[in-house]
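Asker: Quick one: this structure, given as structure tokens, is what I'll be asking you about.
Read-outs throughout are calculated quantities, based only on the coordinates presented, and are distinct from any laboratory measurement. Note that the coordinates shown come from a computational prediction; the quantities given were computed from them, not determined experimentally. Note: ideal-geometry Cβ built from the backbone for every residue, glycine included; neighbour counts use all protein chains shown.
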Amino acid sequence: MTLILGRKKGMTQLFAEDGTATGCTVVEAGPCTVMQLRTQEKNGYSAVQLGFEDVRDKVASKPRRGQAAQVGTAPKRFLREDRLAGDSDLEVGAAITVEAFDCGQLVDVIGTSRGRGFSGTIRRHGFARGPKTHGSRNYRKPGSIGCSAYPSRVFKGKRSSGHFGAKRITTKNLEILRIDTGRNLLFIKGAVPGPRNGFVQVQTAKTGVQKV
Amino acid sequence: MDLIDGIEKELGKSENELPTLRAGCQVDVHYLIREGEKERIQIFSGMVIAVRGRGIRRSMIVRRIVQGEGVERIFPLHSPRVKDIVITRRGDVRRAKLYYLRDRTGKSTRVKEFLGDKARNVRELEKVRRADLAAAQASAAAADTADSGEED
């Protein structure tokens, strides 16, 4: 599995030669630095830790600064691990760029969705609303939340209003339409979770099979 | 410059490939269509009633009357199928979207022509643009033949 960290830059569209337009998201990905290696002996699992986007020394915490100094780079703003089946052949300090991906490859994109605050059931779960008029006093209320004497409680997991968004979301099996190695850009078909300039992880699709 | 704007500028048609369009323009759109295996250019002429979007996502709605029935088509301006857009007449309108034309028929669908010094300037600019484009295409074609000549 290949992982790269990046920032979502926004959406645009690409024209194929036959004139079909495809919506795509531009992600500025990498170059990422390998910050640490997790090994079977030492950590009980194998992984590489990647760092993306330099941060000023003043901003980084002391442990982060120390770790970065060992690697010989600036401290990074965004660190994530790429879990591997066996020990990696990568070395600490190695760079991962968009060249690790191929055009047409399927990827999963992980990001943090836009936070929508405390939202009602209509926005959060897509409940239907009541009638607007004719004496209705049930415009955006959730309605019944269960039975009465039995069970005398509300079942766990009942969908209700509450905090919505700002959650880790994975969008699976998106196609890479274009790669710009000069500017470290990935053009990914369709939408990707999160706001513009939000951090995203792009990795090889876990389940998807590429259409031939 | 915004990254996306920059990318769209690179991927889309160059500035001199597209005319300055406005609602009220009477246009001939040269559109590439497929007929079985063959491709040919079809001309759709009508009035631009809306131009929307920006960058590579820019598109226009062209309206015309075919056999007494209003027909509207949306053209993405940067689509490779839109080969050329010729403005035959510019309208003098006070609105950006002429959706009100949909509710009208006959004489009331007429739009006043954009005339006067300003209109002349716009027409001159359009001529210059076309000349530039022709020159650019000619030099590109020349470069192409030169390239292929070297290969041989």
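Asker: Any residue that is within 30 Å of residue B:74 (Cα to Cα), part of a strand (DSSP E or B) and in contact with a helix residue (DSSP H, G or I) (Cβ under 7 Å, 6 or more places away or on another chain) - is there at least one of those in the range A:24-35?
Answerer: Within the range A:24-35, one or more residues are within 30 Å of residue B:74 (Cα to Cα), part of a strand (DSSP E or B) and in contact with a helix residue (DSSP H, G or I) (Cβ under 7 Å, 6 or more places away or on another chain).
Asker: Oh, and also: From the list A:14, A:3, A:84, exactly one residue is surrounded by 16 or more Cβ atoms within 10 Å (Cβ to Cβ) and within 12 Å of chain B (Cβ to nearest Cβ). Which is it? Please lay out each step first, then the result.
Answerer: Working: A:3 fails: within 12 Å of chain B (Cβ to nearest Cβ); A:84 fails: within 12 Å of chain B (Cβ to nearest Cβ).
Only one candidate qualifies: A:14.
Asker: Right, something else. Scan the range A:17-54 for residues that are surrounded by fewer than 18 Cβ atoms within 10 Å (Cβ to Cβ), more than 10 Å from every other protein chain (Cβ to nearest Cβ) and free of Cβ contacts under 8 Å to residues at least 40 places away in the same chain and jot them down.
Answerer: Those that are surrounded by fewer than 18 Cβ atoms within 10 Å (Cβ to Cβ), more than 10 Å from every other protein chain (Cβ to nearest Cβ) and free of Cβ contacts under 8 Å to residues at least 40 places away in the same chain: A:41, A:42, A:43, A:44, A:45, A:54.
Residue by residue, here is whether (1) under 30 Å from residue A:14 (Cα atoms); (2) not in a strand (DSSP E or B) holds:
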| position | (1), (2) |
| --- | --- |
| A:122 | no, yes |
| A:130 | no, yes |
| A:138 | no, yes |
| A:152 | no, yes |
| A:178 | yes, no |
| A:183 | yes, yes |
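Asker: Would you be able to say whether some residue in the range A:127-150 is exposed (fewer than 15 other Cβ atoms within 10 Å of the Cβ) and aromatic (Phe, Trp, Tyr)?
Answerer: yes
Asker: List pairs: first in the range A:111-129 and free of Cβ contacts under 8 Å to residues at least 24 places away in the same chain, second among the aromatic types (Phe, Trp, Tyr) and exposed (fewer than 12 other Cβ atoms within 10 Å of the Cβ), Cβ under 8 Å, 6+ apart or cross-chain?
Answerer: A:129/A:139
Asker: Something else now. Being part of a strand (DSSP E or B), among the acidic types (Asp, Glu) and out of contact with any His (no Cβ under 8 Å at 6 or more places or on another chain) narrows it down to one of B:126, B:39, so name that one.
Answerer: Matching residue, one of B:126, B:39: B:39.
Asker: Let me ask something else. Hey, does the range B:41-53 have a residue that's at negative phi, within 14 Å of chain A (Cβ to nearest Cβ) and small (Gly, Ala, Ser)?
Answerer: No, every residue in the range B:41-53 fails to be at negative phi, within 14 Å of chain A (Cβ to nearest Cβ) and small (Gly, Ala, Ser).
Asker: Which of the residues spanning the range B:7-34 are surrounded by fewer than 18 Cβ atoms within 10 Å (Cβ to Cβ), in a helix (DSSP H, G or I) and facing another protein chain (nearest Cβ under 9 Å)?
Answerer: If the condition is that a residue be surrounded by fewer than 18 Cβ atoms within 10 Å (Cβ to Cβ), in a helix (DSSP H, G or I) and facing another protein chain (nearest Cβ under 9 Å), then B:11 is the only one that fits.
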